[in-house]
Amino acid sequence: MILRSDEFADLPTPFGPMRTHLFRPVAEGRYPGILMYSEIFQATAPIRRTAAYLAGHGYLVAVPEIYHEFLPPGEVLAYDQAGADKGNDLKTAKELASYDADSRAVLDYLKAHPACTGKLGTFGICIGGHLSFRAAAKNQDLDAAVCLYATDVHKQSLGKGMNDDTLASIRNTRAELCMIWGRQDPHIPLEGRRKVQAELDAQDLSYTWHEFNGQHAFIRDEGHRYDPVLANTCHGLALELFHRKLGEGAPSGK
């Protein structure tokens, strides 16, 4: 599909306006909506390419800037130590309630968009994997959530105070979850992954679980940790879930 990737909206939230980037097919019609959460570096070129990839399969994809309270609209953090340090600092400077307000703002925006069918899912990478998981726990209108190496869920360290309730809240989800991990990811060790999986089993939730021989950020198509074969596999897993749970769009143009 030919895409539009030059649109954005500054969505109001209780914690200030949030720049949100939109990716969608050019063909007129209605498409399921996907809230896509980035890494700590915000809407980088690899994140935008991933959003375009999803949109090209018939989805309306919205990518919010997760640190909108702290950074000017459009700012991207570099994939270097300084960028990582700043992103990690902001991760625990942000109010937990702001993360939740952000999710709700984007979901409401997607649901009201004239190009959306009203069916909603989430997709997230790194901290975005955590936020995708959390959005599914906190919002009953989500049907599918893809979570790639969801950091800090097992440590409960998201947001100011570093004492989040994400894992405890997942019992409330209606969404089917697709959980993707790298076995060589130092941020989520084996015991952390098993803690998350045990909770999903204890709550008898609908989920699939995928562990690969990959490092942290193996889906990012930039840098030495990128694994294109695994990335392609994971994209396929995401699209299978979205097609099955959200349905497909209905373009009306020729």
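The values are calculated or read from the model by the stated rules, or taken from the named source; none is laboratory data. Predicted, not measured: the structure shown is a model, and the values here were computed from it. All Cβ positions, glycine included, derive from the backbone under ideal geometry; neighbour counts span all protein chains shown. Areas reflect the complete protein model, heavy atoms only, side chains present, ligands, DNA and RNA absent. Shrake-Rupley method; radii C 1.70, N 1.55, O 1.52, S 1.80 Å.
Return the long-range amide H neighbours of Cys116 (sequence gap of 5 or more, or a different chain), with a cut-off of under 5 Å between placed amide H atoms.
Tyr31
Given 20 °C and 1.002 mPa s, compute D for the chain with the Stokes-Einstein relation, Rh being the Kirkwood radius over Cα pairs; round to the nearest whole µm²/s.
Answer, rounded: 120 µm²/s.
Straight-line reach from Lys245: which lysines have Cα under 22 Å away, leaving out those fewer than 8 places along the same chain?
Lys111, Lys119, Lys138
How much accessible area does Thr92 have with a 1.4 Å probe, in Å² rounded to the nearest 10?
Looks like 40 Å² after rounding.
Among Ala101, Gly33, Pro72, whose Cα projects farthest towards the positive end of the dipole of region 1-149, with charges put on the beta-carbon of Lys, Arg (+1) and Asp, Glu (-1)?
Projecting each Cα onto the dipole axis, the largest value belongs to Gly33.
Considering only Ser132, Ser98, Ser38, give the residue with the highest GNM mean-square fluctuation for the chain, with springs between Cα atoms whenever their separation is below 10 Å.
So, out of Ser132, Ser98, Ser38, the one fluctuating most is Ser98.
Tell me whether region 11-114 comes out rounded, prolate or oblate; compute the Cα gyration tensor, take square roots of the eigenvalues as a ≥ b ≥ c, and use a/c under 1.5 as the rounded threshold.
Verdict is oblate for region 11-114.
So if I place +1 on the C-beta of Lys and Arg and -1 on the C-beta of Asp and Glu, and nothing else carries charge, what would the dipole magnitude of region 100-146 be about its Cα centre? I want it in debye, nearest 20.
Dipole about the Cα centre, nearest 20: 40 debye.
Within the chain, what percent of beta bridges assigned by DSSP are antiparallel, to the nearest 5?
Close to 35 percent.
Could you give the spread of the C-alpha atoms of region 198-254 along their three principal axes, from largest to smallest, in whole angstroms?
So the extents along the principal axes, rounded to whole Å, are 42, 37, 12.
Under unit Cβ charges (Lys, Arg +1; Asp, Glu -1), what dipole magnitude, rounded to 20 debye, does the chain have relative to its Cα centre?
Value, rounded to 20: 420 debye.
Each residue of region 184-193 in order: what ³J(HN,Hα) in whole Hz does its phi give by Karplus 6.51 cos²θ - 1.76 cosθ + 1.60, θ = phi - 60°, with x for Gly and Pro?
Here the 3J(HN,Hα) series is 9, 7, x, 7, 10, x, 3, 5, x, 5 Hz.
Rank Ala175, Ile219, Gln197 by how far each Cα sits towards the positive end of the charge dipole of region 156-254 (+1 on Lys, Arg Cβ; -1 on Asp, Glu Cβ) and give me just the farthest.
Ala175
When all protein chains stay in place, what accessible area (Å², nearest 10, 1.4 Å probe) is found for Asp108?
80 Å²
Run lengths n ≥ 4 of DSSP H only: what is the helix-derived mean residue ellipticity at 222 nm for the chain, with -39500 (n - 2.57) per run over all residues, to the nearest 500?
-10500 deg cm²/dmol
Which one, Tyr149, Pro228, Asn163, is farthest towards the positive end of the dipole of region 113-254 when Lys and Arg carry +1 and Asp and Glu -1 on their Cβ?
Farthest towards the positive end: Asn163.
How would Trp181, Trp209 line up by accessible area, probe 1.4 Å, largest first?
Ranked from most to least accessible, the order is Trp209, Trp181.
Starting from the exponent 0.38 and prefactor 2.2 Å, build the expected Rg for region 66-216 from its residue count and divide its actual Cα Rg by it.
So region 66-216 has a normalised radius of gyration of 1.03.
Could you check which residue among Arg30, Arg194, Arg104 shows the biggest mean-square fluctuation in a GNM of the chain with a 10 Å Cα cutoff?
Judging by the Gaussian network model, the answer is Arg194.
For the chain, set up a GNM with springs between Cα atoms under 10 Å and report which of Arg225, Arg174, Arg24 has the largest fluctuation.
With Cα springs under 10 Å in the chain, the top fluctuation among Arg225, Arg174, Arg24 is at Arg225.
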